[in-house]
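Below: the structure, in structure tokens.
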Amino acid sequence: MKRNVSALVLGLFACMSSAEPYTPANDGEVLERITVPGPERRELRSLREEVRLHPERRELAINLARRYIQQGRKDADPRYYGYAEAVLGPWLANEDEEALILRAAIRQNRHDFARALADLDTVRRQNPRLGQAWLYRAAILEVQGDYSGAIQACLAFARLTASSAGTVCLESALSLAGQAQSAYQKLSGMAAMADLDPEQLGWTRVILGEMAERLNLAEEAEAWYRQALKAGPRNIYLLSTYADFLLDRNRPAEVVDLLEDETRADPLLLRLSLAEKRLNHPRYLGHFEALKARFAASRARGDTSHQGDEARFALCLEGNPQQALKLALVNWSVQREPRDARILLEAAKASGLSDAAQPVLEFLSRTRLEDARLSKLVSNQGGQSS
Amino acid sequence: MKTWIFLYLLCWSALAFAHKPSDSYLSLQVEEDRATGHWDIALRDLDYALGLDANDDGAITWGEVRSREAEIASYALARLALQAGRGACQLTALGLRVDEHTDGHYAVLDFAAECPQTIASLGIGYRLFFDLDPQHRGLLRLAGKGGTQTAVLGPEEGLRQFELAQATNGMAAFKDFVREGVWHIWMGYDHILFLLSLLLPAVLSRQQGRWIQAASFRLAFWDVVKVVTAFTLAHSVSLSLATLGYVNLPSRWVESAIAASVVAAAINNILPLFHRRRPHLAFGFGLVHGLGFASVLSDLALPEGDRLLGLLGFNLGVELGQLAIVGVFLPMAYGLSRHRFYEPAVLKAGSLAIALLASGWLLERALDWNLMAMALP
């Protein structure tokens, strides 16, 4: 493993210096554009200055950290999560609740689930009535495939808040834990969720879209996704999920339209490349090489949060099912969303090692997860879901 | 050529740069007591730390970067500590360039480090940006004589040590080979017996077909010098030629010839045919002995970059070992030669014994038999 990382770092150095260091010809040459628009930039700068001038004022730091996380989510820019973590530093040492919750969100984003849960546990010990801690816990447990744990956490959250967010949390978890039909009916029947803010509404619509997809209700799923796109802020999760939906229905041209300008975030570049490959698009090769370099860069710094995507890259774009299976297995040990199960099943099938899919099959039978896309793959295994 | 351009252009396709966590690329080349390198630091990160966009138009230009060169250099180098042994290395900025990575443009800081001693183990203390972004990492590439190492430098590590094979390689390897040379000649009974056979009569001289004591120690000494020098010259030459690949003879032949040489030298003491020509005998057979040494040396892996050094060391070891033996032998033999029994007891009987032993070896090696329990080189 160490040798591979070595090779990667060296390769990275080599490939990246296929563009050699140079001295620009003239002073006016623009080297780097700051992608955050002017007003936001200035706002962040002034907030930062205030924190610097008044380090003892907690609410300034917390507020700035929140803004950084927001910005990070919006742009899918990991650096902002780093800035947030630095700003929270002194308050984390004091085990400040809000700081810990924000750090849990940061860690979750990095897929450092164990440490994120640890932060949330610390908060819950100090203050069991802090709803947000329960909500985040539910979200993480859901990603890890611990649906009963997620349901417990959602119930605790729902007890602490009158908001519809509690219902969304609960039904989402139930939908994965064998009650897909009833959960979908209940949640989609909730006419107005007026008490949810736009971000939460968007999140709810994506969840509904996913539920519908799992129940093989394609038209309804599409309706939810489109609504989310129209109304809410565009976020990575929504775009990835809708792109996967379109790819499954063999509509790559629409994926290209959707993601053409969204090449910064790795998951989006992946889906764009998948679509471009099917269309024999001229930009495909460049995107392929860029993706490869990005995965290599992640691996070189020891970052393991993209292995699901990397497995898909290996399988569908590089045509290397063995490597895909390896990555999918490692990914499965960290997270167990339906998409993680799916890539593992596909990789196992493609490399002809159906035994490798065993952990997923056990998981599916234990949790009674219903997912039309997975059932198709499982039935091709010869009905082994004992 | 075409594929190169193609690939090069691909790297530059109209593609927005990725967003990724913050990394810097630190590349170091170590030679003796100094290191040179370049440090690629993202302009984004420098902007966050120092504020490079002077006119706040959302674009960082080369002019803006260049005007802050000194500050960038001092900021970065203040957060990098290099250490050789116990002493800190002095870092000096040499210049600023620019390069592109997957997530945008980086400032390339060229620098040099002067260290108080030869760098056998380099300590690196890296703390760039950790106060601003604990997820920042330094990706290190460290090249020295022993090869290239890589590492990821994070906030937990403090001062990290990197062993560089190079400084220890030369001296230690040389000493090892000297030792091997000494060992081989001491363990090489056939070589020793050959030499001794030639030297036993050194403390005597021949007159009118009879052995008499040498006239003086000085004469005996010079005789020894002539024989040993001839032997040394010959085996040094053939050892070198064989090790460097110019000569390659089958080892069974070489081993048999060595055994034969011992027989010849021993017999020569009983039926003196070549008394005055012993140095020539030493030289002639010395060539064959050298080939024997070479086969031993070939079993010891010579260091890739320093083959000559290893060869020199081994040869030196052989000479030193030889000198030690001769140094012990000569006074002893001279003392004994003052007595009358020397000629019959030591010279004749001893040589006969050697001749018999060596004949046994000759048969063994030439015919591939195993006559004796003693396994000899």
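The values are calculated or read from the model by the stated rules, or taken from the named source; none is laboratory data. Computed from a prediction, not measured in an experiment: that's the story for all the values here. Glycine also receives a Cβ, built like all others from the backbone with ideal geometry; neighbour counts cover every protein chain displayed.
General remarks:
- Listed by first and then second residue, the pairs linking a residue in segment B:86-104 that is within 14 Å of another protein chain (Cβ to nearest Cβ) and part of a loop (DSSP other than H, G, I, E, B) to a residue that is crowded, with 21+ Cβ neighbours inside 10 Å and among the basic types (Lys, Arg), with Cβ atoms under 6 Å apart and 6 or more places separating them unless they lie on different chains, are B:102/A:294; B:103/B:20.
- You will find that of B:297, B:273, B:302, the residue that is surrounded by 18 or more Cβ atoms within 10 Å (Cβ to Cβ), modelled with pLDDT under 85 and not in a helix (DSSP H, G or I) is B:302 and no other.
- Near pairs, Cβ below 8 angstrom, 6+ apart or cross-chain, from segment B:205-217 (without any contact (Cβ under 8 Å) to a residue 60 or more places away in the chain) to any residue that is of a type outside the set (Ser, Thr, Tyr): B:205/B:211; B:205/B:212; B:205/B:213; B:205/B:214; B:205/B:215; B:205/B:219; B:212/B:204; B:212/B:206
- Hey, residue A:223 away from every other protein chain (no Cβ under 14 Å), in a helix (DSSP H, G or I) and either buried (at least 22 other Cβ atoms within 10 Å of the Cβ) or of a type in the set (Phe, Trp, Tyr) (or both) or not: no
- With respect to the conditions (1) farther than 30 Å from residue B:155 by Cβ; (2) out of contact with any Leu (no Cβ under 7 Å at 6 or more places or on another chain), residue A:254 falls short on a single one, namely (2).
- Looking only at residues of segment B:218-258 that are in contact (Cβ under 8 Å) with a residue 12 or more places away in the chain and assigned to a loop (DSSP other than H, G, I, E, B), we find that the one that is nearest to residue B:188 (Cα to Cα) is B:249.
- Extreme residue, farthest from the other protein chains (Cβ to nearest Cβ), among residues of segment A:60-75 that are over 16 Å from residue A:49 (Cα atoms) and not aliphatic (A, V, I, L, M): A:70
This table checks each residue for (1) in contact with a helix residue (DSSP H, G or I) (Cβ under 7 Å, 6 or more places away or on another chain); (2) among the acidic types (Asp, Glu).
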residue: A:94; (1), (2): no, no
residue: A:106; (1), (2): yes, no
residue: A:116; (1), (2): yes, no
residue: A:138; (1), (2): yes, no
residue: A:146; (1), (2): no, yes
residue: A:154; (1), (2): yes, no
residue: A:158; (1), (2): yes, no
residue: A:181; (1), (2): no, no
residue: A:188; (1), (2): yes, no
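- If the condition is being farther than 18 Å from residue B:137 by Cα, surrounded by 15 or more Cβ atoms within 10 Å (Cβ to Cβ) and of a type outside the set (Asp, Glu), then segment B:37-58 contributes B:52, B:58.
- Restricting A:333, A:298 to residues that are buried (at least 21 other Cβ atoms within 10 Å of the Cβ), hydroxyl-bearing (Ser, Thr, Tyr) and in a helix (DSSP H, G or I) narrows the list to A:298.
- Considering residues of segment B:346-369 that are among the aliphatic types (A, V, I, L, M) and in contact with a Leu (Cβ under 9 Å, 6 or more places away or on another chain) only, the residue surrounded by the most Cβ atoms within 10 Å (Cβ to Cβ): B:358
- Taken over segment A:53-99, the criterion of being among the hydrophobic types (A, V, I, L, M, F, W, C) and buried (at least 24 other Cβ atoms within 10 Å of the Cβ) is satisfied by A:61, A:65, A:84, A:87, A:88, A:99.
- Considering residues of segment B:133-148 that are in contact with a helix residue (DSSP H, G or I) (Cβ under 6 Å, 6 or more places away or on another chain) and not basic (Lys, Arg) only, the residue surrounded by the most Cβ atoms within 10 Å (Cβ to Cβ): B:133
- All of A:377, A:274 fail the test of being more than 16 Å from the chain's Cα centre (by Cα), modelled with pLDDT of 95 or more and not aromatic (Phe, Trp, Tyr), apart from A:274.
- For first residues located in segment A:337-349 and over 12 Å from residue A:324 (Cα atoms), partners that are β-branched (Val, Ile, Thr) and surrounded by fewer than 24 Cβ atoms within 10 Å (Cβ to Cβ) and lie 6+ apart or on another chain with Cβ distances below 8 Å form the pairs A:337/A:143.
- Scanning segment B:120-142 for residues that are touching a strand residue (DSSP E or B) at 6+ places or on another chain (Cβ under 9 Å), at pLDDT 90 or above, part of a loop (DSSP other than H, G, I, E, B) and among the hydrophobic types (A, V, I, L, M, F, W, C) turns up B:128, B:129.
- Checking residue B:319 against (1) surrounded by fewer than 22 Cβ atoms within 10 Å (Cβ to Cβ); (2) modelled with pLDDT under 85; (3) closer than 30 Å to residue B:347 by Cβ, the condition it does not meet: (2)
- Sole residue being closer than 16 Å to residue B:289 by Cβ, touching a Leu at 6+ places or on another chain (Cβ under 6 Å) and either of a type in the set (Val, Ile, Thr) or modelled with pLDDT of 85 or more (or both), chosen from B:178, B:182: B:182
- Matching option when the condition is farther than 26 Å from residue B:53 by Cβ and within 14 Å of another protein chain (Cβ to nearest Cβ), among A:78, A:90, A:39, A:55: A:90
- Contacts under 6 angstrom Cβ, first residue in segment A:227-243 being within 22 Å of residue A:217 (Cα to Cα), partner of a type in the set (Asp, Glu) and modelled with pLDDT under 85, 6 or more apart: none
- Tally of residues being within 8 Å of chain A (Cβ to nearest Cβ) and in a strand (DSSP E or B) across segment B:18-39: 4
- Yes/no for residue B:76 being buried (at least 18 other Cβ atoms within 10 Å of the Cβ) and within 14 Å of chain A (Cβ to nearest Cβ): no
- Qualifying positions in segment B:43-73 - of a type in the set (A, V, I, L, M, F, W, C) and facing chain A (nearest Cβ under 8 Å): B:43, B:59, B:60, B:62, B:65
- Test: residue in segment B:103-119 that is of a type in the set (Val, Ile, Thr) and modelled with pLDDT under 95: yes
- Tally, over segment A:260-289, of residues that are facing chain B (nearest Cβ under 9 Å), part of a helix (DSSP H, G or I) and closer than 21 Å to residue A:72 by Cβ: 2
- Any hit, segment B:114-123, residues being within 18 Å of residue B:75 (Cβ to Cβ) and of a type outside the set (Val, Ile, Thr): no
- Test result for residue A:178, surrounded by fewer than 19 Cβ atoms within 10 Å (Cβ to Cβ) and among the small types (Gly, Ala, Ser): yes
- Residue identified as on the phi < 0 side of the Ramachandran plot and at pLDDT below 85 among B:218, B:206, B:160: B:206
- Meets criteria (part of a helix (DSSP H, G or I), surrounded by fewer than 23 Cβ atoms within 10 Å (Cβ to Cβ) and within 14 Å of chain B (Cβ to nearest Cβ)) for residue A:293: yes
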